[in-house]
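Novice: Handing you a structure now.
The values are calculated or read from the model by the stated rules, or taken from the named source; none is laboratory data. Note that the structure is predicted; figures quoted are calculated from it, not measured. Glycine gets a Cβ as well: all are built from the backbone with ideal geometry, and neighbour counts include every protein chain shown.
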Amino acid sequence: MRWSLKTPWMAVSVLLLVSLTAGAAQASWLQPHTRQEAVPLAVVERPLVVGKSWMLVDFGFSWKHSNSHFIGDRLFNLGATEGTHFKKENNEGQWDYRRWTLGLTWGFSRNSQLSLEVPIVWASAWNNRMMEGDDRKPLSSVGLGDMHGGFRYQWLRSQSQDGRFSNSLVTGLEMRFPTGHESPGSYIGGPNNVPTIITGAGTWGFDVYARFKQQIRFFAVEFGLGYQLNPVNVVMYLVDTEEDQFNQHLDPGDVVHSDLGLTVQFFRHLALRGNLYLDYRLPTKWGSTSATFPPCKDCLTIPDSNGFWMDVDAKLIATIDSHFGMDAYFRYTLAGRHNFLWPLEDLSPSRGWTAGGNLSYRF
């Protein structure tokens with residue numbers, strides 16, 4: 001009888017001990033897990049993937065400002081041209097494009113990762129043709145932008161024992177989802193009497209790219225090359241005449257994009273990065289919404305819709321530890337940027353400057 005009374009208490013004690021041991025051994029979701037590979041603190045040493053079993057959360061903000069870039073310019077024009085051709089056309093204006101982003105990246109193996117980015121867009125614009133007298137009250141809209149998602153795989157990764165030399169080669173596919181607001185307003189008895197600024201391109205997009213990074217001591221050189229495919233789609237873009245209005249088929253020009261970056265890390269927790277971007281856009285076509293195969297077969301090419309553009313930026317990167325990081329950057333357009341599809345910023349970027357920053361947490 002005495003042995004049978006002790007048995008339940010012994011069982012409870014064993015269960016309690018096992019639960020306490022398991023609870024002490026289990027890591028918090030905010031702490032490193034045993035299956036996660038080590039991440040170098042120095043930015044120059046890190047590969048182009050987030051690493052096995054890591055999650056990376058990003059909060060970003062950018063503000064793009066452009067003056068008077070509402071009609072085309074030459075095919076390839078170096079230097080700033082604000083106010084040169086636009087006042088003559090009585091089309092001087094101002095364009096502000098603010099963008100908040102929430103990003104999530106998951107490294108589900110040592111060499112592969114998945115990512116998703118959700119943007120919120122607040123855009124405002126005015127130009128001479130919108131104003132009455134000296135009233136420069138801008139047109140403004142806030143809404144969900146086009147989400148982006150992608151997959152990246154690392155084909156090459158090597159690192160010397162002393163950590164002074166390493167490289168990383170990846171390829172990836174990124175998709176643009178038409179989740180943004182694509183209607184410019186309503187048409188009730190007149191042209192667009194309830195106007196808004198669209199926050200999305202209204203089209204799917206596919207970007208295939210490759211990137212290579214080579215680290216040499218406290219320097220890192222990075223090169224990227226990709227092809228962005230913009231499929232034909234019916235865009236809610238109003239074209240008004242004196243008596244009616246209609247939609248149009250739009251065939252945005254595909255883009256071949258490249259960039260070259262240099263990162264210097266003189267300090268353990270601080271790095272400086274500079275990038276040069278050189279892209280080429282193929283001609284864009286538009287036409288009626290009549291059913292043709294292939295789509296937009298009889299569409300007309302928009303004059304001067306193809307061409308190069310060139311941007312540069314500078315970025316300051318701070319790494320508090322392997323978990324927390326932040327950066328701030330400034331980007332400026334040196335050449336190109338035909339904004340003939342304003343305000344489709346994703347398909348037809350404006351010229352100007354962009355300032356922004358990013359806060360990230362890795363767990």
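Novice: Across the range 170-198, what is the number of residues that are out of contact with any Gly (no Cβ under 9 Å at 6 or more places or on another chain), crowded, with 18+ Cβ neighbours inside 10 Å and either of a type in the set (Ser, Thr, Tyr) or modelled with pLDDT of 85 or more (or both)?
Specialist: 1
Novice: Give the residues of the range 199-235 that are buried (at least 21 other Cβ atoms within 10 Å of the Cβ) and under 13 Å from Ser258 (Cβ atoms), sorted by residue number.
Specialist: Passing the criteria: only Gln228.
Novice: Please verify whether Gly149 is under 21 Å from Tyr209 (Cα atoms), at pLDDT 90 or above and small (Gly, Ala, Ser), treating the condition exactly as stated.
Specialist: Criteria met by Gly149.
Novice: Which one is modelled with the lowest pLDDT, of the residues in the range 31-51 that are surrounded by fewer than 16 Cβ atoms within 10 Å (Cβ to Cβ) and not aliphatic (A, V, I, L, M)?
Specialist: Gln31
Novice: When you go through (1) more than 23 Å from Gly356 (Cα to Cα); (2) modelled with pLDDT under 80 one by one for Pro138, which number turns out not to apply?
Specialist: The one condition Pro138 does not meet is (1).
Novice: Return the only residue of Ser322, Ser348 being modelled with pLDDT under 90, under 30 Å from Phe219 (Cα atoms) and not acidic (Asp, Glu).
Specialist: On inspection, the qualifying residue turns out to be Ser322.
Novice: Just to be sure I understand, how many residues within the range 220-229 are touching a residue at least 40 places away in the same chain (Cβ under 8 Å) and in contact with a Leu (Cβ under 7 Å, 6 or more places away or on another chain)?
Specialist: 1
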